[in-house]
1. What are the residues in the range 39-55 that are assigned to a loop (DSSP other than H, G, I, E, B) and either hydroxyl-bearing (Ser, Thr, Tyr) or exposed (fewer than 10 other Cβ atoms within 10 Å of the Cβ) (or both), if any?
2. Which residues, taken from the range 4-44, are within 10 Å of the chain's Cα centre (by Cα) and of a type in the set (Gly, Ala, Ser)?
3. Considering only the range 1-25, state which residues are under 12 Å from Val65 (Cβ atoms) and free of Cβ contacts under 8 Å to residues at least 24 places away in the same chain.
4. State whether one or more residues within the range 49-60 are out of contact with any strand residue (DSSP E or B) (no Cβ under 7 Å at 6 or more places or on another chain) and under 17 Å from Asn97 (Cα atoms).
5. Under the condition of being modelled with pLDDT of 90 or more and not hydrophobic (A, V, I, L, M, F, W, C), which residue from the range 28-48 is farthest from Phe93 (Cα to Cα)?
6. Where residues in the range 93-110 are surrounded by 17 or more Cβ atoms within 10 Å (Cβ to Cβ) and modelled with pLDDT of 85 or more, which of them is farthest from the chain's Cα centre (by Cα)?
7. Could you go through the range 60-78 and let me know if any residue there is assigned to a strand (DSSP E or B), under 21 Å from Ala9 (Cα atoms) and among the aromatic types (Phe, Trp, Tyr).
8. Mind telling me which of the residues Asp51, Asp81, Asp23 ends up being acidic (Asp, Glu) and modelled with pLDDT of 95 or more?
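The values are calculated or read from the model by the stated rules, or taken from the named source; none is laboratory data. Everything numeric here is computed off the predicted structure, so don't read it as measured data. All Cβ positions, glycine included, derive from the backbone under ideal geometry; neighbour counts span all protein chains shown.
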Amino acid sequence: MGVTLTERAAQEVQRIVEQQKLDEGHVLRVGVTGGGCSGFSYALGFDDKFDESADSKFECHGVAVVVDKKSALYLDGTTVDFYDGIEKRGFTFDNPNAVKSCGCGSSFQA
């Protein structure tokens, strides 16, 4: 199942790619790191590397997305969206594997 980007999130990623003038070889890397107030934190950034033996790669709304296989265990079925409101602005994660998450939405417990 992997990680899915909403159309709104994909549009924001494409806007950032254009703004930062990243070349076509860059991918959006979604991952998990240890830490945060609930145990794990979401990691989201651009990368110009892809290792077929360690990463899964797929496309969502024209954006190449890469998830390392360890993070995939925690992120399977996750939807990444982009929220742009008066009170906050940024990427959000809807993770069905999270049993608990913090108030800021950037860390979770699996």
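1. Step one: list which residues in the range 39-55 are assigned to a loop (DSSP other than H, G, I, E, B), which gives 39, 48-54.
Once the filter is applied, which keeps residues that are assigned to a loop (DSSP other than H, G, I, E, B) and either hydroxyl-bearing (Ser, Thr, Tyr) or exposed (fewer than 10 other Cβ atoms within 10 Å of the Cβ) (or both), the range 39-55 yields Glu52, Ser53.
2. Ala9, Gly31, Ala43
3. Result: no residue meets the conditions.
4. no
5. Asp48
6. Once the filter is applied, the top-ranked residue is Asn95.
7. no
8. One residue alone meets the criteria, Asp81.
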